[in-house]
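As structure tokens, the structure follows; a few thoughts come after it.
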Amino acid sequence: MPALISRRAMLCAGTALCSILAVASGPAYCADAAADMPEVVIQEKPSVMEKYKLPNTSESITAEKMADTINVVDPEDAVKYMPSLSVRKRNNGDTQAVLMTRTWGYSSSARSLVYVDDIPISALIANDNTKGGPRWGMVAPEEIERVDMMYGPFSAQHAGNSMGGVLQITTRMPEKLEASAKQTETLQYFDLYQTKDTYRTDKSSATLGHKLGDFSFFLAGSSTYSESQPVSVLTRGNTTGLTSTTGTIAAVNKSGATANVVGVGGLLRTEMQNFKAKFAYDLTPEIKATYTLGFWQNHGRSRVESYLKDTSGATTFGAADTSGSNNGGTFAAANYILEQVQTSHALSLKSDTKGKWDFEGNLTHVHYDRDIQKQPLGTTGGTTFTTNGKYTQMDGTNWTTSDVKGIFRPNGPGGAHEASFGAHYDRYILFAPTYTTSNWRTEAPVTGTIADSRGNTQTYAAWAQDVWKLTNTVKATFGGRYEYWETFKGFVQSSASSSAAAKDSDRTAFSPKGSLAWDFAPQWTVSGSAAKSTRFPTVSELYLSTGTGTNTTIANPDLKPERVNSYELALETTLGDGKSRISLFQENVTNALISQSTASATGTSTYVTNVREIRNRGVELASQQNNVVIPGLELAGSLTYVDAEILENPTWGSGTQTVGKRVPNIPMLRGTVAATYRPNDEWAFTTAARYQDRMATTMDNTDYVNKVYGSFDSFFVIDVRTRYKHSENLEAAIGIDNVNDCKFYEFHPFPQRTFIAEMKLKL
């Protein structure tokens, strides 16, 4: 699909816009960039939270507000300014975009749940920053109607993975013939060490939908070509294989140990296609059946850039290293090919009678049709790689979930009681062998298996919850969830000579929930909630053992579930033209599952361990007001403070102390602020800022060095966006992400100043 406006015109317009905003509103102004924005739709159906009267505190954003305020390139961008939320998105089209919540940071993908119309897109096959990212590609930004974030595990219908919260994306179906076409372009200027370049993203998307009597359909497709900035810095802790070379940059790692920079890697060129089809049929005016098909494919090629020079001045990787254990491993690990194809299916049947009874059923299945990462074993001298190599193949990995739910209103809608209940089943199946091969590009012939990870987990659950109006101003919610979880067919091979079948195991858990809300004055509500919940280990935490490049993951089939006690006291008011809230929260976790990495001169090893007890507590402030001082000016902001502390950790084997240290991967302070001015129905101007404190990632908090590869730095990023609606059929937007060009690491080097432009045409 051709671009609708030239890239040069977009850049000129974006630069001019930033200059105008900076003069008019001060140098802090910068804008968040463009993307796939849903069209304006009047929301008539209730959100999931409203339908089931869930007790959680929540925050929401509508499609129209997203279009005005956020540069949405990918659907996960929608949560960018929501209180306490952040997505670890390293680049456009990132397949590892993990959600950070109020009480949990990165490496916690299984400590939150993400749904699209009650269909889970969370990848609960892992709890990490790689394989555990939600399947965001299964939702098209144009179909989003609203996004709701529900904080904490206070609803009985959600599993213990909701300890961080539940993100619910609500989509729409067309009421008449509609079509849209959209082009998004981004340009990022990047400068790090000796790497200076410009990286771009081209994204073309289109939708088609119609309603014909009782039948409706919605089709959405997109194609993305993206170039990523380096997401890895190649370092060496010794000089093996680097004699007779120049160009090494003296540096240390996050713990202060020598980690000299020899180049960069993860220069990923990605070609990605998404296709989604939704078909719905109104069996009766009150009962609807829906089938959703999702198809996603990705082809990525990661390159490396060496800073080393040989005695003649030519670029080199150093001495030949066919074992991949020293300099060869450093470069070979960041040089790889990704080939991925995934399909998803979802079938749902829902009623909306608004009478005494309502029900719904959902069945989903996600399957890895092809999932391979392949790379060379080492180097042969100069800048060439070995022909032999290795690849990890996850073909056949899949998961299935099933839910049935019901609502009983004995006194009719609005009565004193409203009960909900349901049952749940899920099964996660992991296949992840790593093979050696004579030719890593063709994957054949196979010469051996150096690691193998296989296993199954499944959960059966039943839950019930009752909302009881004690008076016109007091409401109580009580519920409970019972779960039976088991593991079986586990197999771990960590090397060519070490393998073992894991023992089958099973666990049960009961999780009571309770909440009380009091409207003690007009427009004022105070609520208190308490809940127990259990998060069972993911199949990857139990069984995944890999040896990719110089990085290895060590499985632990004996992990225990983590048990959580959560509490919240919230005060909310709708005074003024908007909403404000303060929440005090605390979370005590026993047997917390925390991932750790140990580094050596030749690589890193990552493993998961149970920490006996940790505590996360803090305060969250959130406010949004319309028509502040002048008509059309909206201000919104949030501030979250978390005191995360390790209370007991007797199994820690190092000589350093961990009790009293901060829990890894959780920042102490984070905040957002956004100002949007709408002078009329055609224009919207937004300036927004995001701040996050640095965070420790080791159990003993010894990673004290900032601004190096592997560190998790503090950042303050300013974004700007301008949207223009020429008509209901034509709109455009331009923006800049990170306009202040903040340079920081969240383990990886994160994007620097990025220009975004989009144009959308609708039928």
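The values are calculated or read from the model by the stated rules, or taken from the named source; none is laboratory data. Bear in mind the structure is a predicted one, so any value in this text is a computation, not a measurement. Every residue, glycine as well, gets a Cβ built from its backbone with ideal geometry; the counts of neighbours run over all protein chains shown.
How many residues does the range 434-493 contain that are among the small types (Gly, Ala, Ser) and free of Cβ contacts under 8 Å to residues at least 40 places away in the same chain?
Here is the first cut: in the range 434-493, the residues among the small types (Gly, Ala, Ser) are 438, 444, 448, 451, 453, 455, 461-462, 464, 476, 479-480, 490.
Keeping just the survivors that are free of Cβ contacts under 8 Å to residues at least 40 places away in the same chain gives 444.
Selection size over the range 434-493: 1.
Examine the range 512-532 for a residue that is among the aromatic types (Phe, Trp, Tyr), within 19 Å of residue 421 (Cβ to Cβ) and touching a strand residue (DSSP E or B) at 6+ places or on another chain (Cβ under 7 Å), and state whether such a residue exists.
Residues of the range 512-532 among the aromatic types (Phe, Trp, Tyr): 518, 520, 524.
Now narrow it down to the ones that are within 19 Å of residue 421 (Cβ to Cβ): none.
Checking the range 512-532: not a single residue is among the aromatic types (Phe, Trp, Tyr), within 19 Å of residue 421 (Cβ to Cβ) and touching a strand residue (DSSP E or B) at 6+ places or on another chain (Cβ under 7 Å).
Evaluate the following for residue 572: is it modelled with pLDDT of 95 or more, within 14 Å of residue 647 (Cβ to Cβ) and either assigned to a strand (DSSP E or B) or out of contact with any helix residue (DSSP H, G or I) (no Cβ under 9 Å at 6 or more places or on another chain) (or both)?
On the way: modelled with pLDDT of 95 or more: yes; within 14 Å of residue 647 (Cβ to Cβ): no; either assigned to a strand (DSSP E or B) or out of contact with any helix residue (DSSP H, G or I) (no Cβ under 9 Å at 6 or more places or on another chain) (or both): yes.
Taking the combined requirement at face value, the residue does not satisfy it.
So residue 134 fits all but one of (1) under 10 Å from the mean Cα position of the chain (by Cα); (2) under 25 Å from residue 617 (Cβ atoms); (3) modelled with pLDDT of 90 or more; what number is the exception?
(2)
Go through the range 307-389 and tell me which strands (runs of 3 or more DSSP E), entirely inside it, have 2 or more residues that are in contact (Cβ under 8 Å) with a residue 60 or more places away in the chain and of a type in the set (Gly, Ala, Ser).
Of the strands (runs of 3 or more DSSP E) lying wholly inside the range 307-389, those with at least 2 residues that are in contact (Cβ under 8 Å) with a residue 60 or more places away in the chain and of a type in the set (Gly, Ala, Ser) span 336-351.
If residue 201 meets every condition in (1) assigned to a strand (DSSP E or B); (2) within 21 Å of residue 344 (Cα to Cα) apart from one, which number is that one?
Here residue 201 meets the rest and fails (2).
Kindly list the number of the only condition in (1) at pLDDT 90 or above; (2) surrounded by fewer than 21 Cβ atoms within 10 Å (Cβ to Cβ) that fails for residue 56.
(2)
Looking only at the range 206-241, which residues are out of contact with any Asp or Glu (no Cβ under 8 Å at 6 or more places or on another chain) and among the basic types (Lys, Arg)?
236
Considering only the range 309-339, state which residues are surrounded by 19 or more Cβ atoms within 10 Å (Cβ to Cβ) and in contact with a strand residue (DSSP E or B) (Cβ under 6 Å, 6 or more places away or on another chain). Explain how you work it out, then say what you get.
Taking the range 309-339 first, the residues surrounded by 19 or more Cβ atoms within 10 Å (Cβ to Cβ) are 316-318, 321, 324, 326-336.
Passing the criteria: 317, 321, 327, 328, 330, 331, 332, 334, 335, 336.
Can you tell me which condition residue 256 does not meet? The list is (1) touching a strand residue (DSSP E or B) at 6+ places or on another chain (Cβ under 7 Å); (2) exposed (fewer than 14 other Cβ atoms within 10 Å of the Cβ); (3) touching a residue at least 40 places away in the same chain (Cβ under 8 Å), and all the others hold.
Only one criterion is unmet by residue 256, namely (1).
In the range 204-229, what residues are surrounded by fewer than 15 Cβ atoms within 10 Å (Cβ to Cβ) and in a strand (DSSP E or B)? Lay out the reasoning, then the answer.
We begin by selecting, within the range 204-229, every residue surrounded by fewer than 15 Cβ atoms within 10 Å (Cβ to Cβ); these are 212-215.
Result: 212, 215.
Checking residue 142 against (1) crowded, with 24+ Cβ neighbours inside 10 Å; (2) in a loop (DSSP other than H, G, I, E, B), only one condition comes out false. Which one?
Only one criterion in (1) crowded, with 24+ Cβ neighbours inside 10 Å; (2) in a loop (DSSP other than H, G, I, E, B) is unmet by residue 142, namely (2).
Can you pull out the residues in the range 394-416 that are hydroxyl-bearing (Ser, Thr, Tyr) and in a strand (DSSP E or B)? Before the answer, list the steps.
First, pick out the residues of the range 394-416 that are hydroxyl-bearing (Ser, Thr, Tyr): 397, 400-402.
Result: 400, 401, 402.
In the range 616-643, which residues are within 23 Å of the chain's Cα centre (by Cα) and in contact (Cβ under 8 Å) with a residue 40 or more places away in the chain?
616, 618, 620, 621, 622, 636, 638, 640, 642
Condition (residue is touching a Pro at 6+ places or on another chain (Cβ under 6 Å) and either aliphatic (A, V, I, L, M) or crowded, with 22+ Cβ neighbours inside 10 Å (or both)) applied to the range 182-197: is it met by at least one residue?
Checked the range 182-197: at least one residue is touching a Pro at 6+ places or on another chain (Cβ under 6 Å) and either aliphatic (A, V, I, L, M) or crowded, with 22+ Cβ neighbours inside 10 Å (or both).
Look at residue 139 and say whether it is in contact (Cβ under 8 Å) with a residue 60 or more places away in the chain and more than 14 Å from the chain's Cα centre (by Cα). Please lay out each step first, then the result.
Details: in contact (Cβ under 8 Å) with a residue 60 or more places away in the chain: yes; more than 14 Å from the chain's Cα centre (by Cα): no.
The answer is no for residue 139.
Need pairs with beta-carbon distance below 8 Å; first residue more than 15 Å from residue 258 (Cα to Cα) and within the range 693-711, second among the aliphatic types (A, V, I, L, M) and buried (at least 19 other Cβ atoms within 10 Å of the Cβ); sequence gap 6+ or separate chains.
Final answer for the pair search is 695/666; 699/594; 699/611; 699/646.
Output the qualifying pairs, or none if there are none: Cβ atoms under 6 angstrom, residues six or more apart or on different chains, first residue in the range 261-276 and within 11 Å of residue 302 (Cα to Cα), second residue aliphatic (A, V, I, L, M) and not in a strand (DSSP E or B).
265/334; 266/231; 266/334
Note down all Cβ pairs under 9 Å where the first residue falls in the range 520-543 and is on the phi > 0 side of the Ramachandran plot and hydrophobic (A, V, I, L, M, F, W, C), the second is crowded, with 24+ Cβ neighbours inside 10 Å and part of a strand (DSSP E or B), and they're at least six residues apart or on different chains.
Sorted first by the residue in the range 520-543, then by its partner, the list stays empty.
Conditions: (1) touching a strand residue (DSSP E or B) at 6+ places or on another chain (Cβ under 7 Å); (2) within 24 Å of residue 592 (Cβ to Cβ); (3) not charged (D, E, K, R). Residue 676 meets all but one. Number of the miss?
(2)
Among the numbered conditions (1) touching a Pro at 6+ places or on another chain (Cβ under 9 Å); (2) surrounded by 16 or more Cβ atoms within 10 Å (Cβ to Cβ); (3) farther than 30 Å from residue 517 by Cβ, tell me where residue 419 comes up short.
Only one criterion in (1) touching a Pro at 6+ places or on another chain (Cβ under 9 Å); (2) surrounded by 16 or more Cβ atoms within 10 Å (Cβ to Cβ); (3) farther than 30 Å from residue 517 by Cβ is unmet by residue 419, namely (3).
Given the conditions (1) crowded, with 22+ Cβ neighbours inside 10 Å; (2) in contact with a strand residue (DSSP E or B) (Cβ under 8 Å, 6 or more places away or on another chain); (3) within 21 Å of residue 672 (Cβ to Cβ); (4) not hydroxyl-bearing (Ser, Thr, Tyr), report the number of the one that residue 133 does not fulfil.
Going through (1) crowded, with 22+ Cβ neighbours inside 10 Å; (2) in contact with a strand residue (DSSP E or B) (Cβ under 8 Å, 6 or more places away or on another chain); (3) within 21 Å of residue 672 (Cβ to Cβ); (4) not hydroxyl-bearing (Ser, Thr, Tyr) one by one, residue 133 breaks only (3).
Does any residue in the range 48-64 that is over 20 Å from residue 620 (Cα atoms) and of a type in the set (Ser, Thr, Tyr) come within less than 8 Å, Cβ to Cβ, of a residue that is at pLDDT 95 or above and in a loop (DSSP other than H, G, I, E, B) six or more places away or on a different chain, and which pairs are these?
Going by the 8 Å Cβ cut-off, the qualifying pairs are 52/155; 52/157.
Hey, among the residues in the range 95-123 that are at pLDDT 90 or above and among the charged types (D, E, K, R), which one's farthest from the chain's Cα centre (by Cα)?
102
So which residues in the range 474-528 are more than 31 Å from the chain's Cα centre (by Cα) and not in a strand (DSSP E or B)?
Once the filter is applied, which keeps residues that are more than 31 Å from the chain's Cα centre (by Cα) and not in a strand (DSSP E or B), the range 474-528 yields 496, 497, 503, 522, 523.
Cβ contacts < 8 Å: first residue among the basic types (Lys, Arg), restricted to the range 645-667; second residue in a loop (DSSP other than H, G, I, E, B), any location; separation 6+ or different chain. Result?
661/696; 661/699; 661/700; 661/701; 662/668; 662/695; 662/696; 662/701
Please find, within the range 441-457, the residue that is nearest to residue 553 (Cα to Cα) out of those that are in a strand (DSSP E or B) and aliphatic (A, V, I, L, M). I'd like the intermediate steps shown before the answer.
Taking the range 441-457 first, the residues in a strand (DSSP E or B) are 446-457.
Narrowing the set further to residues that are aliphatic (A, V, I, L, M) leaves 446, 450-451.
On the way: 446: 22, 450: 13, 451: 10 Å.
Per the stated criteria, the residue is 451.
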